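S.K.: Below is one structure. I have some questions about it.
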Amino acid sequence: MNQKGISGSRNVAIVGPYLSGKTTLLESLLSVTGTISRKGRISDRNTVGDSSPEARDRSMTVEINTAVLEYEGINFTFLDCPGSVEFAQETYNALVGVDAAIVVCEPDSDRVLTLAPLFKFLDDWEIPHLVFINKMDRANAAFMDVLNALKTVSSRPLVPHQYPISQSGQVTGFIDLVTEQAYQYHSGAPADPIPFPEALKEQEQAARTEMLEALADFDDHLLEELLEEITPPEEEIIQDLKMELGADLIVPVFIGMAEQDYGARPLLAALLREAPEPEVTAERRKLGSKSQTPIAQVLKTYSNPQGGKLSLVRVWQGTLSDGATINGSRISGMYRLLGAQTIPTPQASAGDIVALGRLEGVKTGDTLGLEPSSPELLRADKIAPVFALAITPVNRNDEVKLSGAMSKLLEEDPSLYWEQHGDTREIILWGQGEIHLQVALDRLHRKYNLHMSTHLPQVPYKETIRKSSSSHGRYKHQSGGHGQFGDVYLDIKPMPRGEGISFQETIVGGVVPRQYIPGVETGVREYLTHGPLGFPVVDVSVTLTNGSYHSVDSSEQAFKQAARLAMQEGMSKCEPTLLEPIAQIEISIPSDYTPKALRLISGRRGQVLGYDAKQDWHGWDRVLAYLPQAEMHDLIVELRSLTMGVGFFHWEFHHLQEVPEKLAERVLTTSNAPTSNGKNHK
């Protein structure tokens, strides 16, 4: 591929909902430009994008796919991004580094809501974007009705750039609203100019007027021309489209059918004419100065045990060369990507997106090449995990490899999170949904030969007491030589919720020597890790009030055992009760779905605290509630089902609360938690 200056390239993300046809559009763009000799199909599992086994097994994009092509002397780098909400982090990380985005959607008025979070991100980051309405052969409504529906989820004006031509209900071509030239689609060839269809004159004029009036909102000269009924020249319209798209003031709308290559060429031509150049994007991000200091940002990390680590980076400033050292690591290989194919290149200039080999210690989102005093570039916010599975290596010998493999996995996908839970001792993998976690587990198996079994995580129940008691524990053991002797009296009392564990002593007269009191506390606290019900005990005060000792046989260990015996006797008389963790949850949903969200919370033993309009989200509400953690496992699944996939929530632990009696009985009956005497409830 020819090396171009900074203005000789464009970086474009292809984004949109699941099944909208993004990967098919990328394949079409590669095909019509001659980048590939044979166009692949998703059903045949031979597309340039979605080349990983995890993607092909599911016929869906699960990570960023990068492809370079040349068109009219300009180098394009396309980033095909996942459409599933479970992989949104990948999409947002990629969007940070592009000059423009193509939002691919279907001509279905009922599904435009699925675009709302994506439009919100694009507008918050001021990323220029245009819409490509794909699958026009399957439209369920008139073009202008679909366009009007799309306007309800965009804070920027949507501007029609084309108007469809239909025959017998099928889209056969389009009218370019800038030139007012009509075109007819042809399979395997560019669309042919045809005479203007006079039957569409009124509809075309209405759409063109809408386009011009939207542009005139930002151009006083164009507004004057329209008021004076002067037809603006094509060059002026194109210049306005370029300026206002580049400033993220408007969203041009195109149509087509990517599977048949219809609309791909006009879309490329529009990107060539109207999409902002890389230096414009860099200037907007306050980068791209004449300084030769290279600055780049990592958009995606790929990890392969055989091929090593690749960091996909956007070069914002200066030039990077293969073999150079950046951020303390030496670049070992530099490549342009065409799906799974790597094309070596010796250097990358400002505006390029390339993959760098073996940058150890560098993560997705990191800024490369900054001076010590320079601030890091902004990165996409990390999406909080909402779905979890407990995982266990099928082969117990693999446990030692798990930590290293998980670190590599999280480098590839920073929206994953894993922990070993302090109470349940389970290894828990967190992510954005069941498919997200299954893809992660497939990668563990394929790349690192780690086969995992999964189950639902245990709820980290706790227990406490309702009543006070006094107890006595004596430990006496004789086995020849020195014996063991410890004798304690304890007062056990409940404390207010959230106070934790308190140990005190009121010993007088030295009945328990000072050197043995730490042993008593250790015995008390060890017992409380598994109380009478088999769970960690909280909010309990224990006071050592009395005891006795033997001048020869007593030891700290003996008093520890005596304390455990006293706790075992006393706690059973304190009416132990089961506690469950309660989360404070903030659910974000379109206002039309708020009643459903309220019913969802109440149906899961939740307590609604209130709801109001969500700040900076037009037509959305946020609902605050308390919800038992036991009810949260598949909450995100049901919430997405109720809201066409766009609802989301954030949560954090808030407090512990007594479990209702009938539910507590069921929990204790099915629990595997060991009791303090080592037995199981089950």
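S.K.: How would you rank TYR262, TYR71, TYR18, TYR183, going from fewest to most other Cβ atoms within 10 Å of each one's own Cβ? Write out the running numbers ahead of the final one.
M.R.: On the way: TYR262 24, TYR71 18, TYR18 15, TYR183 21.
In order of increasing Cβ crowding within 10 Å: TYR18, TYR71, TYR183, TYR262.
S.K.: Indicate the gyration tensor shape class of the range 295-368 (rounded, prolate or oblate), computed on the Cα atoms with a ≥ b ≥ c the square roots of the eigenvalues: a/c under 1.5 is rounded; otherwise a/b larger than b/c is prolate and the rest oblate. Don't skip to the answer; put the middle values down first.
M.R.: On the way: a/c = 1.40, a/b = 1.16, b/c = 1.21.
Because its axes are fairly even, with a/c under 1.5, the range 295-368 counts as rounded.
S.K.: Next up: Kindly write out, for the range 312-329 in residue order, the coupling ³J(HN,Hα) from the Karplus curve 6.51 cos²θ - 1.76 cosθ + 1.60 (θ = phi - 60°), rounded to whole Hz, with x marking Gly and Pro.
M.R.: 7, 10, 9, 8, 8, 7, x, 10, 10, 10, 4, x, 6, 9, 9, 6, x, 10
S.K.: What FRET efficiency comes out for the pair PHE653/THR594, r = Cβ-Cβ distance, R0 = 25 Å, nearest 0.05?
M.R.: 0.50
S.K.: So, in nm, how far is label MET243 from label GLN260 when the simple model puts each one 7 Å beyond its Cα toward the Cβ?
M.R.: 3.8 nm
S.K.: Would you mind working out the magnitude of the charge dipole of the chain relative to its Cα centre, with +1 at each Lys and Arg C-beta and -1 at each Asp and Glu C-beta, to the nearest 20 Debye?
M.R.: The dipole of the chain has a size of about 3740 debye.
S.K.: Now a separate question. Grab the DSSP H runs of the chain that are 4 residues or longer, score each as -39,500 (n - 2.57), total them, divide by all residues and round the 222 nm result to the nearest 500 deg cm²/dmol. Write down the numbers at each step before the final one.
M.R.: Details: 17 runs with 182 residues, N = 682.
That calculation yields -8000 deg cm²/dmol at 222 nm.
S.K.: So if I place +1 on the C-beta of Lys and Arg and -1 on the C-beta of Asp and Glu, and nothing else carries charge, what would the dipole magnitude of the range 245-372 be about its Cα centre? I want it in debye, nearest 20.
M.R.: 280 debye
S.K.: Which value in Å is the Kirkwood Rh of the range 579-669 over different Cα pairs?
M.R.: About 13.6 Å, per the Kirkwood formula over Cα pairs.
S.K.: Can you compute the FRET efficiency between ALA206 and SER403 using 1/(1 + (r/R0)^6), with r the Cβ-Cβ distance and R0 = 51 Å? Round to the nearest 0.05.
M.R.: Result of the calculation: an efficiency of 0.25.
S.K.: Sticking with this structure for a sec: Taking only C-alpha pairs under 8 Å that are 6+ residues apart, what is the relative contact order of the range 180-326 in percent?
M.R.: 15 percent
S.K.: Find the centroid of the Cα atoms in the range 346-376 and in the range 146-193, then give the distance between the two in whole Å.
M.R.: Measuring centre to centre over Cα atoms gives 40 Å.
S.K.: Rg to Rh ratio, the chain, alpha-carbon atoms and Kirkwood radius?
M.R.: With Rh from the inverse mean 1/r over Cα pairs, Rg/Rh is 1.11.
S.K.: Highest first, please rank the peptides 151-159, 326-334 by the mean number of other Cβ atoms sitting within 10 Å of their residues.
M.R.: My ranking of the peptides, most packed first, is 151-159, 326-334.
S.K.: Moving on. Each label point is 7 Å from the Cα along the Cα-to-Cβ direction; what then is the distance between the points at GLU499 and GLN181, in nm?
M.R.: With each label placed 7 Å out from Cα toward Cβ, I get 8.3 nm.
S.K.: Which distance in nm do the two modelled labels at ASP145 and ARG514 give, with both placed 7 Å along the Cα-to-Cβ direction?
M.R.: According to this spin-label approximation, the distance is 8.8 nm.
S.K.: Suppose R0 equals 51 Å; then what is the FRET efficiency for GLN615 and GLU229 from their Cβ-Cβ distance, rounded to the nearest 0.05?
M.R.: In this case the efficiency is close to 0.75.
S.K.: Among 575-586, 441-452, 364-375, what's the highest-first ranking by average C-beta atoms within 10 angstrom per residue?
M.R.: 575-586, 441-452, 364-375
S.K.: Taking the Cα centroid of the range 426-500 and of the range 279-339, what is the distance between the two, rounded to the nearest whole Å?
M.R.: After rounding, the separation between the Cα centres reads 46 Å.
S.K.: The range 238-274 to the range 573-589: how many Å between their Cα centroids?
M.R.: The distance from the Cα centre of the range 238-274 to that of the range 573-589 comes to 52 Å.
S.K.: Would you mind checking which residues have amide H under 5 Å from PHE648's amide H? H placed 1.01 Å from N; only 5 or more apart, or other chain.
M.R.: Excluding prolines and chain starts, which carry no amide H, the hits are SER588.
S.K.: Compute the Cα gyration tensor for the range 387-455, then decide on rounded, prolate or oblate, letting a ≥ b ≥ c be the square roots of its eigenvalues: rounded whenever a/c is under 1.5, prolate when a/b is larger than b/c in the other cases, and oblate in all that remain.
M.R.: On the way: a/c = 1.37, a/b = 1.03, b/c = 1.33.
Here the range 387-455 falls in the rounded category.
S.K.: Okay, moving on. Taking a 27 Å limit on the Cα-Cα distance, which of the listed pairs LYS363/LYS447; LYS363/LYS401; LYS39/LYS120; LYS401/LYS462; LYS573/LYS662; LYS135/LYS300 fall beyond it?
M.R.: Too far apart for the 27 Å limit: LYS39/LYS120; LYS401/LYS462; LYS135/LYS300.
Every number here is computed from the coordinates shown, using simple stated rules; none is lab data. Remember, predicted model here, so these are calculated numbers, not experimental data. Every residue, glycine as well, gets a Cβ built from its backbone with ideal geometry; the counts of neighbours run over all protein chains shown.
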